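In what follows, a single structure is set out as structure tokens and then discussed.
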């Protein structure tokens, strides 16, 4: 038990020091300023090429979503996710050691056997497919849907809507992704960093006030014209459509795609949204209330 307590303490110290160094020092892989740069670029694109021209630049709940940015991407990691991830890894190692095994010994194959571009491509494809399936669970399991409602409470889409999600969502995503990625192995922190930033950029664009679908690439890459229908208040079925995170191809393969028309001015939200709280604290508590 002492080992786990020390691990949690060191995780907090390590991430806090890392976050301070990110803010104080500029490096090529700076997460803090990289996230701000992507956000600023996509916001400028929104302002220059607005799809919904009557939507204000500082749209409804813009400042709430910016708060979610800093809370979910920085504070939440400090409070919970980094320590949880490290403890999970250590716990898994301890369980395997009982049987004389290590994490490396349970890998099905390693991405390190491929060239760097190929391994990055495979890591991106595999992780995105896992997230697509996880996203479907968020819509089909009642408790997880209560968690996911925070994200769907957005009434006017803009890049910052990408940040609005409940703190339990990354726990669900990380928990489901953890085992499959362990079974693959062969990727390093740099790979995770690159793929993560690609996903953030695509996610920002998906939620932005932009009328883009990328032409023939719309059948492969998720896009604003497709994702707007994922947030539609009126849906053709109970659980929704267009579950793609970075890629749209999974929706086309598994027939969950839905783009009946332009979608520029559709109403967003969900049917019982009037019962959903408007402020941050109440939104965080919502899934745990009857």
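Extension gain for the segment residue 272 to residue 118, taken as residue separation times 0.36 nm less the Cα-Cα distance, is 51.0 nm to one decimal. Note on 234, 195: ascending count of other Cβ atoms within 10 Å places them as 234, 195, the fewest first. Most tightly packed first, judged by the mean number of other beta-carbon atoms within 10 Å of their residues, the peptides 276-283, 167-174 read 167-174, 276-283. Here the residues 144, 235, ranked from fewest to most Cβ neighbours within 10 Å of their Cβ, fall in the order 235, 144.
Readers should treat all values here as calculations from the given coordinates under stated rules, not as data from a laboratory. A quick note: this is a predicted structure, and the numbers were derived from the prediction, not measured. Every residue, glycine as well, gets a Cβ built from its backbone with ideal geometry; the counts of neighbours run over all protein chains shown.
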